[in-house]
Amino acid sequence: MKKVLLSEKIDDKGIQLLKDNGFDVHVSAGTDVETMKKEIKDAYAVIMRSSQLPAEVIDAGEQLKIISRNGTGINNVDVNEATKKNILVAKVNGANAFAVAEYVMTTMLLLSRKVLTSNKLIHEKKDELAAIGSLPGFSTQFSLNGNELRGKTLAILGLGKIGQELVKLAQAFGMNVVGYDPYLKNSPVKLYEKLEDIYPVADFLSINMPLTDETKNMIAEKQLQSMKKTAFIINSARGGIINEHDLAAALNNDVIAGAAIDSFNPEPPAPDNPLFTSKNTILTSHMAGTTIEANQALGLGAAQAIIDFSNGKVPEFPVNQEILQK
């Protein structure tokens, strides 16, 4: 019976699918390098969530044939090492696109309408509410009347499956949507050819790109300084695309109005990460794409890739498919 190692538990439906197809499924006791080296030694396949799979762990997989990512991004997997070892890397595209787009809309509303600030203040000042007289008066006194999304410009960096789902949701709110994606041929919205031209027009900037050498630290002090003081940034993609120290400084000095950050560099973020104390910042636990529905789809997709490969079929989304030609 072929062993499938899970770096972390995936959705039960994905596990059951593997078992139904004759695989022995084992969840690793930990994601640290030494534990993973022991666990992966006799594994035919490994399913990775967001923890790291470095070269030394891949090298320890004496029977390893396929690495299946329970998601889209592959920056946590040493694909080059896998390719050298003739190990296929596969991923799941689009399964959580709606979930991530929905997260972006949620955080834009929370920031624009000052929902979290209002919630905090109404709890803190509950004993003063009667003296103030009315709740609308309370909102006015503490500047809690936010803005609508309608008529605002959303700039989307990366118009893949997530970005295009986001276009539809944002347009339903009456937003003006523009984008930047140098690899897209047919776009549903106006595309900017130069990245630097999109920052000044954005009321909201949504990052939906992978972390690559090209996008690392793509948004830093210079880019932040070019944005509107009323602008908000939402990063539901990968940590490392935004320089976190520059972003925190921009937030604390009112260069931009606020941010929602769902991924960090490194993960988990260190206790001294400056975003923990920056102004008007929503921080979440890399959960933009992990709704119950999305987790089910991701788990099933990651499991199916292994089943297909074991049956001599090419998985739907191979990453290093050149090894299949060998």
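Please give the FRET efficiency for ASN145 paired with ASN176, using the beta carbon to beta carbon distance and R0 = 22 Å, rounded to the nearest 0.05. Working from the Cβ atoms, E equals 0.50.
Extension gain, LYS126 to GLU214, is 26.8 nm, computed as 0.36 nm per intervening residue step minus the present C-alpha separation. A viscosity of 0.692 mPa s and a temperature of 37 °C, combined with the Kirkwood radius over C-alpha pairs in the Stokes-Einstein formula, give the chain a diffusion coefficient of 153 µm²/s. Label sites at TYR183 and MET287, each approximated as a point 7 angstrom past Cα along Cα to Cβ, lie 3.0 nm apart. Students often get this wrong: which residues of segment 83-121 have the backbone nitrogen under 19 Å from the point 7 angstrom along Cα-to-C-beta of LEU135? In segment 83-121, the label zone of LEU135 (backbone N under 19 Å from the point 7 Å along Cα→Cβ) covers 110-121. Farthest toward the positive end of the dipole of the chain, out of ALA297, ILE122, LEU191, is the Cα of LEU191, where the dipole comes from beta carbon charges about the Cα centre. Computed from Cα atoms, the angle from the helix 161-172 axis to the main principal axis of the chain rounds to 30 degrees. Inter-label distance, THR35 to ALA270: 2.3 nm, where each label sits 7 Å from its Cα along the C-beta direction.
Length gained on full extension, ILE323 to GLU193: 43.4 nm, using 0.36 nm per residue less the C-alpha separation.
For VAL27, the residues whose modelled amide H falls within less than 5 Å of its own, excluding neighbours fewer than 5 places apart on the same chain, are LEU6. With the simple model of a label 7 Å out from the Cα in the direction of the Cβ, LYS13 to GLU56 spans 3.8 nm. Note on LYS168: lysines with a C-alpha under 16 Å away, same-chain residues under 8 apart excluded, are LYS152, LYS190.
Values in this text are rule-based calculations from the coordinates and carry no lab data. In this text the structure is predicted, and so the values were computed from the model without any measurement. FYI the Cβ positions are ideal-geometry reconstructions off the backbone, even for glycines, and counts take in every protein chain you see.
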